[in-house]
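Structure first, then comments.
The values are calculated or read from the model by the stated rules, or taken from the named source; none is laboratory data. Note that the structure is predicted; figures quoted are calculated from it, not measured. Cβ placement follows ideal geometry from the backbone for every residue including glycine, while neighbour counts extend to all protein chains displayed.
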Amino acid sequence: MFHLFRASGLVLVAVVGLAAQPAFAETPGEIQASIQQEAAGTPGSREFSAARGEAFFRTKHANDWSCASCHTDNPAAPGKHARTGKAIDPLAPSANAERFTSPKKVAKWFRRNCNDVLDRVCTPQEKGDVLAYLLAVKK
Amino acid sequence: MSIKDQKLFRILAVALLAISVMMPVAQADDDGRDEKYGEKYSGKYGGENRGKPLQPAQTSARFRQECSSCHIPYAPGLLPAKSWRKMMAGLDNHFGSDASLDAEDSRKITAFLVKNASNRWSAPTAPLRITDSNWFKRKHDDHEINPAIWKNPKVKSPANCGACHPQAERGDFNERNIRIPK
């Protein structure tokens, strides 16, 4: 009886402990893995490529902007918003440990920025390639 | 004066008083330039006046986080509630950029903006650009600010409040605190 009581207490402590973790904090690797899963479900998906990601990052697509328009050609350096001039912290995780640690933020910014740059959402392949590139950028 | 005349006199006096109360109060700061900025609605700047600065206790971490990625977090008191509702309903095309939020953030930030919107805006207007409001135009016209200042790369654009108002993020635009960059 005592053991059962103590065990349930431990379970309670464990559950409360989990809930107290910062919401959804992940590593860039975990975020890449979930994009991988997404990509695996789409036809014609290939292994993510940093080279393809870099080309995508620097190219203008449907609109006047590329990713580099705000994040610069060097994602390990601070950027600047193309319209407002507001400073943007470096995008490469090697230079900014906060990047790609919140799935909510990652989803929000891919949605917004792909819409601005490409006039559409990005495919999981494109997102995976870009993240592979960003992870390869050294500080 | 007959009783009839006295009565008429009293009616006239009341009517005169009523007219004087209803007449718009002259708001000219110095040289009547305010006329240019509309007198249709009561209150300063034709009813398009910004509110009092936000007190630190009224700020919202969610608002600051979500609305300062691309620009400074513009103080809610700079526009009326109607403007903020319109703004928040059109975030997917926010001055040409996608600034969309998820439903919960959108709802909570809208509530914050509406609650702290300008309390001195009596006109039915609801501009989306702060720079389109009468108070802004009047306070930044050529009489107030040498047009050359706008061309300074450190100023860049009228949307860059912080260039000359270092306390802008707190909603403080007090003239004593203005520092125009050289």
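See the values below:
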item	result
Qualifying residue in the stretch A:90-111 (condition: touching a strand residue (DSSP E or B) at 6+ places or on another chain (Cβ under 8 Å) and modelled with pLDDT of 95 or more)	yes
Per-region count, the stretch A:96-124, residues away from every other protein chain (no Cβ under 13 Å) and among the small types (Gly, Ala, Ser)	1
Given (1) surrounded by fewer than 18 Cβ atoms within 10 Å (Cβ to Cβ); (2) in a loop (DSSP other than H, G, I, E, B), number of the condition residue A:100 does not satisfy	(1)
Per-region count, the stretch B:69-112, residues closer than 24 Å to residue B:137 by Cα, without any contact (Cβ under 8 Å) to a residue 60 or more places away in the chain and either of a type in the set (Lys, Arg) or within 11 Å of chain A (Cβ to nearest Cβ) (or both)	7
Set B:168, B:163, B:99, B:159: member being small (Gly, Ala, Ser), crowded, with 19+ Cβ neighbours inside 10 Å and under 23 Å from residue A:113 (Cα atoms)	B:99
